[in-house]
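Notes to accompany the following structure.
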Amino acid sequence: MKINLIAITLFAAIATTTSCTSPKENTSIEEVKEVAEENSPSADTAHNSMNSLDWAGIYFGTVPCPSCEGIEMILTLNGDQTYKLETNYLGRNDALEQVNSGPFTWSEEGSRVKLAGVKDGQNDYKVGENQLWLLDLDGQKVTGNLADHYLLKKR
């Protein structure tokens, strides 16, 4: 019995001397949130594709086509926010080639461009480092087996 009492006393003494200090009793939830916000990393909204990448240039790729062998695309993005899009429908006897040009606009978040005056849904692109992704009609990256074929590489 004496050994149990000594063990309990020893345990209590160790627990008291090694415990963490308790927070101030008067700390409010608002103060805790304020400290947490100050110490948490925030998203860097100043950097995006528009102002951080060397996006101006010539991009090339061949995207899938339901009625031909593929659509060869050459898209030039100019620093003055104008573009030239050349498309060639491969394997068609009528050799359908189109050239569109005009202004483009950046999305609000600065990661996508929209070409003015382009038909057939080839007007929205996500801008990456030396590459553009042709987006689907909903403005999303194409997924699935053919996703890699909707990528234009910078020359």
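The values are calculated or read from the model by the stated rules, or taken from the named source; none is laboratory data. Owing to the predicted nature of the structure, the values given are computational and were not obtained by experimental measurement. We place every Cβ from the backbone using ideal geometry, glycine too, and count neighbours over all the protein chains shown.
Could you please find all residues in region 82-111 being outside any strand (DSSP E or B) and of a type in the set (Ser, Thr, Tyr)?
Ser107, Ser111, listed by residue number.
Among the residues of region 77-98, count how many are in contact with an Asp or Glu (Cβ under 8 Å, 6 or more places away or on another chain) and within 17 Å of Gly57 (Cα to Cα).
So the count comes out to 2.
State the number of residues belonging to region 82-110 that are under 28 Å from the mean Cα position of the chain (by Cα) and surrounded by fewer than 15 Cβ atoms within 10 Å (Cβ to Cβ).
The total comes to 6.
If you scan region 145-155, which residues turn out to be among the hydrophobic types (A, V, I, L, M, F, W, C) and outside any loop (DSSP other than H, G, I, E, B)?
Result: Ala147, Leu151, Leu152.
Report, by residue number, each residue of region 125-137 that is touching a Lys or Arg at 6+ places or on another chain (Cβ under 8 Å) and either among the hydrophobic types (A, V, I, L, M, F, W, C) or at pLDDT below 95 (or both).
Selection gives Val127, Leu132, Trp133, Leu135.
For residues in region 112-144 being within 16 Å of the chain's Cα centre (by Cα), of a type in the set (Val, Ile, Thr) and assigned to a loop (DSSP other than H, G, I, E, B), which is surrounded by the most Cβ atoms within 10 Å (Cβ to Cβ)?
Val142
The rows are residues; the columns are (1) of a type outside the set (A, V, I, L, M, F, W, C); (2) modelled with pLDDT under 90.
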| site | (1), (2) |
| --- | --- |
| Pro64 | yes, no |
| Ser67 | yes, yes |
| Thr82 | yes, no |
| Thr87 | yes, no |
| Gly91 | yes, yes |
| Ala95 | no, yes |
| Val99 | no, no |
| Val113 | no, no |
